[in-house]
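The values are calculated or read from the model by the stated rules, or taken from the named source; none is laboratory data. No experiment lies behind these values; they were computed from the predicted model shown. As a convention, Cβ positions derive from the backbone with ideal geometry for all residues, glycine included, and neighbour counts pool all protein chains shown. Heavy atoms of the whole protein, side chains included, go into the accessibility calculation; ligands, DNA and RNA do not. Shrake-Rupley method; radii C 1.70, N 1.55, O 1.52, S 1.80 Å.
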Amino acid sequence: ITNRFTRSGYTFEGWATEVNGAVQYTDSESVKLALQNNTSKKLYAVWSYGNTITNDTIQNLDLSNLDDSYTVKVTGEINQYSLMRLAEKIEKANTSITLDLSRTTGLDIICGTKDNTSVFKNCKNLTSVVLPEGLVTIGAYAFAYCEALKAITFPKSLKTIGNNAFYYCSKTNTLPHYI
């Protein structure tokens, strides 16, 4: 099943089997449905308000004039410099932002900064972060002062969280128990 539609300002997530349902099938996934007596199966496109960006398109991202909660998904290779540029964009957001890094590659550390402020300093509208598998270290103060951060999805690969990595975050009790 391949989506051939676009929706301005939205990212296609996949296909659901019911209205407002969860994604059951990804785009272009080969699906075999057992249908009997010439029945049909309806699939519903699932869209999220947001944008999918790459390392090369971060500079074009504008989060300063949004209508509603927004999701930023990053795909492909990303480096620390680009992550810091992305954080600057999130800092200027006028609404709550979910940052999904689950589809990135090459990100094994999110560094803190030398002055112990934060890579994501003043990202007061950052409410949710999905970290990628392969991430091993979150540096000191990396997400400090993200006051609205309520949900963090940690990868199984995570080994180290630096001191005060989530300083002044609203939800520090979500840290993995093994850290």
Candidate set: segment 44-86, residues that are assigned to a loop (DSSP other than H, G, I, E, B) and either open to solvent by 100 Å² or more (accessible area, probe 1.4 Å) or aromatic (Phe, Trp, Tyr) (or both); chosen: the one nearest to Thr104 (Cα to Cα) = Asp56
Residues in segment 119-132: is at least one part of a loop (DSSP other than H, G, I, E, B), surrounded by fewer than 18 Cβ atoms within 10 Å (Cβ to Cβ) and out of contact with any Asp or Glu (no Cβ under 6 Å at 6 or more places or on another chain)?
-> no
Identify the single condition in (1) open to solvent by less than 70 Å² (accessible area, probe 1.4 Å); (2) over 26 Å from Gly106 (Cα atoms); (3) not aliphatic (A, V, I, L, M) that Lys41 does not satisfy, given that it satisfies every other one.
-> (1)
Sort through Tyr168, Tyr141 and tell me the only one that's modelled with pLDDT under 90, surrounded by fewer than 18 Cβ atoms within 10 Å (Cβ to Cβ) and of a type in the set (Ser, Thr, Tyr).
-> Tyr168
Residue check, Ala34 assigned to a loop (DSSP other than H, G, I, E, B) and among the aliphatic types (A, V, I, L, M) = yes
Return the total of residues in segment 1-28 being exposed (fewer than 12 other Cβ atoms within 10 Å of the Cβ) and on the phi > 0 side of the Ramachandran plot.
-> 2
When restricted to Asn65, Asn38, the only residue at positive phi and more than 18 Å from the chain's Cα centre (by Cα) is Asn38
Do the conditions hold for Lys73, that is, is it more than 24 Å from Thr153 (Cα to Cα) and either modelled with pLDDT under 85 or not small (Gly, Ala, Ser) (or both)?
-> no
Filter result (over 22 Å from Lys73 (Cα atoms) and either of a type in the set (D, E, K, R) or free of Cβ contacts under 8 Å to residues at least 40 places away in the same chain (or both)) within segment 138-166 = Ala140, Tyr141, Lys159, Thr160, Ile161, Asn163
Residues in segment 145-164 that are surrounded by fewer than 21 Cβ atoms within 10 Å (Cβ to Cβ) and under 15 Å from Ala87 (Cβ atoms) total 3
